[in-house]
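A short write-up of the structure that comes next.
The values are calculated or read from the model by the stated rules, or taken from the named source; none is laboratory data. Since we're looking at a predicted model, the values are computed, not measured. Ideal geometry is used to build each Cβ from the backbone, glycine not excepted, and the neighbour counts take in all protein chains shown. Ligands, DNA and RNA are excluded from the accessible area calculation, which covers all protein heavy atoms including side chains. Shrake-Rupley method; radii C 1.70, N 1.55, O 1.52, S 1.80 Å.
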Amino acid sequence: MESNIREDELALEEQLALARRQLRQLEAEYRQDELIRGIGIGKAQALLQEALAVGLVEHRLVADTMPELRVLMEEIVQWTPEQRGFVGSDQLSQLQDEFSVLVEERARLTENLRAARTLAGETKGFSDEAKIQAERLESIGLFEQVEGNLHSCPTCDQRLENPTPTVDSIRVALSQLSHSLSSAERERPRLREYIEQLSQQLVSVSERLNEKEQTINTLISQQQIAQRIRDLNSRRAKVVGRMSLYLESVLPETGHNELVAKLEEAQRRVELLAAQLDPEEKERRLASILNRLGERMSEWARFMRPEFSASPVRLDLSLATVVVDMPSRPEPLNRLGSGENWIGYHLIAHLALHRHFRQDRRPVPGFLFLDQPTQVYFPPDLDPEFQGNVDELEDDDRQKVTRMFELIFLAVEELAPDFQVIVTDHADLLSNEQFQNAVVERWRGGAALIPEDW
């Protein structure tokens, strides 16, 4: 029917919500892309200047449009770092250790040479002084006899019976002077030879030190060059990284066109779904359905004749209940008095809803299960032997129970074979043939839905 609400409306609402989320996402991407494209040329040209500064390009590049800039930048980001490293670290360390050893060796040789030369100078001075003294003694004839005539007077050459200590001392000193002078003369050639050897060793060590120093300086220079290359590679890599990020952020022309196409498609889909889910149209259709339900409920209320049945009856979706529109004000079900009214209006509402579901083929099970709907008409102090014979009730209650089941039969017959009502109850309309034909089981005298031996 034209006033029906679409069966797939919930699915359409979910699709609309999803489509709107996708549209918002595409709109955000489009705004970001437009923003980036707006400042893109200036940013791209700045990045190209950085590339020029670090030597990624050799000359100033001229490009005025985004496609041209993109082509140039895509070429630059293909750069790979120069693989030139310093491999002489171990050799440099070894040379520096050897250099330190040679420095210590040179210091040692220098000290030994200085000591040897000092000793040679002192020996020469001693020898020269000793010769002068010896020559003086020779001039008076003392020095020649000093060695073999220790007990003679050095001045008169007479034998001394009791030599004085002074004379002995002079003779001993003169003897020692003679030996020292001879020893000094013998050692001077060997000392000169030793000094010569030390001088040659010192020259050799100095030459080796110069060679080591030159080699070390060469390696250090290579290390500095390698470090500068690494630093330059690092600077270039940073520029390339920023350029790559920029290229990823700014869509190419084809990507921009695809984004625009996706955005337009998303807008069309949202408009299409929104048109199918026009809230005003939905409200009009829902109001029509509720009006027709109200008409049927009012008709059946007049048939069953519960209290206030002369007034229109309807469903109120905002309160999720039955409402009776009294002349003074609308009254919801919870203010309609007795249990009889509650049972009657509940039954009317359920049957009216199932009628709508069946006629419009809604995905709702086609049956209604009622458990003891007539309970309010049977007082709890009834005789235990009572078998549910409605004929034993008072006339007014008997008529109400009878009308209740007659209404159920009317609804089932109208919707047959698509609707079924299942009732479990005490009531037994013995004089009603239609009711008796509908009875399937009587659970009395030990018979029950669940057998006792279970």
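Cβ-Cβ distances below 8 Å connect the following pairs, each with a first residue in segment 332-352 that is in contact (Cβ under 8 Å) with a residue 60 or more places away in the chain, a second residue that is part of a strand (DSSP E or B), and a separation of six or more residues or different chains: 347/370; 351/368.
For segment 322-344, the set of residues classified as over 26 Å from residue 378 (Cβ atoms) and open to solvent by less than 30 Å² (accessible area, probe 1.4 Å) consists of 323, 331, 332, listed by residue number. Residues that are under 60 Å from the mean Cα position of the chain (by Cα) and either more than 27 Å from residue 356 (Cα to Cα) or in a loop (DSSP other than H, G, I, E, B) (or both) within segment 416-454 comprise 418, 419, listed in sequence order. Selection of first residues in segment 425-454 that are closer than 17 Å to residue 399 by Cα and of second residues that are surrounded by 10 or more Cβ atoms within 10 Å (Cβ to Cβ) and of a type in the set (Asp, Glu), restricted to Cβ pairs under 7 Å at least 6 apart or on distinct chains, gives the following pairs, ordered by first then second residue: 430/391; 431/391. For beta carbons closer than 9 Å, sequence separation of 6+ or different chains, a first residue in segment 290-302 that is free of Cβ contacts under 8 Å to residues at least 12 places away in the same chain and over 13 Å from residue 356 (Cβ atoms) and a second that is open to solvent by 10 Å² or more (accessible area, probe 1.4 Å) and outside any helix (DSSP H, G or I), the qualifying pairs are 302/309; 302/310. Against the criterion of being modelled with pLDDT under 75 and surrounded by fewer than 16 Cβ atoms within 10 Å (Cβ to Cβ), residue 241 does not qualify. Only one of the numbered conditions (1) touching a helix residue (DSSP H, G or I) at 6+ places or on another chain (Cβ under 6 Å); (2) at pLDDT 90 or above; (3) under 25 Å from residue 14 (Cα atoms) is violated by residue 273, and that is (2). Residue 274 - would you say it is touching a strand residue (DSSP E or B) at 6+ places or on another chain (Cβ under 8 Å) and in a helix (DSSP H, G or I)? In short, no. Residue count for segment 404-435 satisfying the condition of being over 24 Å from residue 340 (Cβ atoms) and open to solvent by 40 Å² or more (accessible area, probe 1.4 Å): 7.
Any residue at all in segment 47-64 that is of a type in the set (Lys, Arg) and at pLDDT 75 or above? No, segment 47-64 contains no residue that is of a type in the set (Lys, Arg) and at pLDDT 75 or above.
The set of residues in segment 436-454 being surrounded by 10 or more Cβ atoms within 10 Å (Cβ to Cβ) and of a type in the set (A, V, I, L, M) consists of 438, 439, 447, 448. Scanning for something outside any helix (DSSP H, G or I) and of a type in the set (Ser, Thr, Tyr), does segment 322-332 turn up at least one residue? Yes, there is a match, as at least one residue in segment 322-332 is outside any helix (DSSP H, G or I) and of a type in the set (Ser, Thr, Tyr). Within the bounds of segment 88-95, is there any residue that is touching a helix residue (DSSP H, G or I) at 6+ places or on another chain (Cβ under 6 Å) and modelled with pLDDT under 70? Checking segment 88-95: at least one residue is touching a helix residue (DSSP H, G or I) at 6+ places or on another chain (Cβ under 6 Å) and modelled with pLDDT under 70. State whether the residues of segment 106-113 include one that is modelled with pLDDT of 80 or more and of a type in the set (Asp, Glu). Checking segment 106-113: at least one residue is modelled with pLDDT of 80 or more and of a type in the set (Asp, Glu). Count of segment 414-454 residues, restricted to those that are more than 25 Å from residue 366 (Cβ to Cβ) and either in contact with a Cys (Cβ under 9 Å, 6 or more places away or on another chain) or not hydrophobic (A, V, I, L, M, F, W, C) (or both), is 11.
Within segment 392-401, if we keep just the residues that are part of a helix (DSSP H, G or I) and surrounded by fewer than 18 Cβ atoms within 10 Å (Cβ to Cβ), the residue that is modelled with the highest pLDDT turns out to be 399.
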